[in-house]
1. If you scan the range 46-74, which residues turn out to be in a loop (DSSP other than H, G, I, E, B) and closer than 25 Å to ALA104 by Cα?
2. With the checklist (1) charged (D, E, K, R); (2) part of a strand (DSSP E or B); (3) more than 11 Å from ASP58 (Cβ to Cβ) in hand, flag the one item ARG95 doesn't pass.
3. Does THR251 satisfy the criteria of being part of a helix (DSSP H, G or I) and under 15 Å from LEU72 (Cα atoms)?
4. Hey, any hits in the range 264-286 for a residue that's hydroxyl-bearing (Ser, Thr, Tyr), more than 19 Å from GLY23 (Cβ to Cβ) and either modelled with pLDDT of 95 or more or in contact with a strand residue (DSSP E or B) (Cβ under 9 Å, 6 or more places away or on another chain) (or both)?
5. Just one of LEU136, LEU193 is touching a helix residue (DSSP H, G or I) at 6+ places or on another chain (Cβ under 7 Å) and assigned by TED's automatic domain parsing to the domain that holds GLU247; which is it?
6. Cβ-Cβ below 8 Å, separation at least six or inter-chain, first residue in the range 11-30 and farther than 12 Å from THR80 by Cα and modelled with pLDDT of 95 or more, second surrounded by fewer than 20 Cβ atoms within 10 Å (Cβ to Cβ) and among the acidic types (Asp, Glu): which pairs?
7. Could you please find all residues in the range 154-175 being assigned to a helix (DSSP H, G or I), among the small types (Gly, Ala, Ser) and buried (at least 17 other Cβ atoms within 10 Å of the Cβ)?
8. Return the pairs, sorted by first residue and then second, in which the second residue is hydrophobic (A, V, I, L, M, F, W, C) and part of a helix (DSSP H, G or I), the first residue lies in the range 31-51 and is closer than 17 Å to PRO220 by Cα, the beta carbons are less than 7 Å apart, and the residues are 6+ apart or on different chains.
Amino acid sequence: MPKVAIKQVDAFTAVPLEGNPVGVVTAAEGLSGEEMQRIAREMNCSETAFVLRSKRGDFRLRYFTPAVEVDLCGHATIATLHALREEGRAAGVMRVETNVGLLAMEAAADGMCWMQQAQPAFRPFAEDPDEIAALLGLRPVDLEPEGGIGIAYTGLWDLLVAVRDLSALQGAHPDPGALAEHNRRHGITSTHLYCRETMLPGSTLHTRDFSPAAGVAEDPHTGTANGALGAYLVAEGRLAPGHHVFEQGWTVGRPGQIHVEVSPGGKGVRVGGEAVTVIVGSIFLS
């Protein structure tokens, strides 16, 4: 019976059992896409990452939720860079092949891991905000009164929704089926909520992320969506370019912080964070 070495790594935290758990297969050569999907379903993390050889970069990464393959995943990338550094296979700046192209990534000496995201892109929002509020189990008054709904991409398309305060954000309770159908209809991977009130001093924003169309009811931490959010807010002039810390995960008992760096105009973004390995073992395939 084939045996595959696997780790579980908590990303965007240095504290075990916080942050976002990720399955990581650091030697995935010989696995079929179907086998990767089965492993991801068995791990039942929001994403499982697989490391493969690449002719174009230092290595290639593929990402699977328990239900589907996705083109890019921030927290799974941070977890994988950490796992590879533990094995002596990642240090400094690297070029990594993904389904959205070659991206610069870094396993820094200070313990942080960083990933460049795909070139930001934006789409206009043309829906009734009240309908979005209803999809999220919110009242129209719970949304940011000056507006703040957009659609942005840094590898995946995300619907970004500003809410009034932390109480409203924590009270959101989407209808998973209705939200999944809406997101599929509009080509959106996740719906990402945010507010400027935070749990920790020094944080810029508090966020929550719902991705039922990808098989993830609520994702504890979302590197791609937070990167897209940072790029969108900078491009809109609602956030200064530079370094920010977005916090996420409190509503699911897995707090953590995502570092987001955005260039002027929202034209480039990278996300970073710490990670910690919590399980090392093997998975058996029939």
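1. SER46, ARG53, SER54, LYS55, ARG56, GLY57, ASP58, THR65, VAL68, ASP71, LEU72, CYS73, listed by residue number.
2. (3)
3. no
4. Within the range 264-286 (the criterion being hydroxyl-bearing (Ser, Thr, Tyr), more than 19 Å from GLY23 (Cβ to Cβ) and either modelled with pLDDT of 95 or more or in contact with a strand residue (DSSP E or B) (Cβ under 9 Å, 6 or more places away or on another chain) (or both)), the answer is no, since none of the residues qualifies.
5. LEU193
6. Note: no pairs meet the criteria.
7. ALA168
8. Between residues of the range 31-51 that are closer than 17 Å to PRO220 by Cα and residues that are hydrophobic (A, V, I, L, M, F, W, C) and part of a helix (DSSP H, G or I), the close pairs are GLU47/ALA76; THR48/ILE39; THR48/ALA40; ALA49/ALA76; ALA49/ALA79.
The values are calculated or read from the model by the stated rules, or taken from the named source; none is laboratory data. Bear in mind the structure is a predicted one, so any value in this text is a computation, not a measurement. Neighbour counts are summed over all protein chains in view; Cβ atoms, including those assigned to glycine, are modelled from backbone coordinates with ideal geometry.
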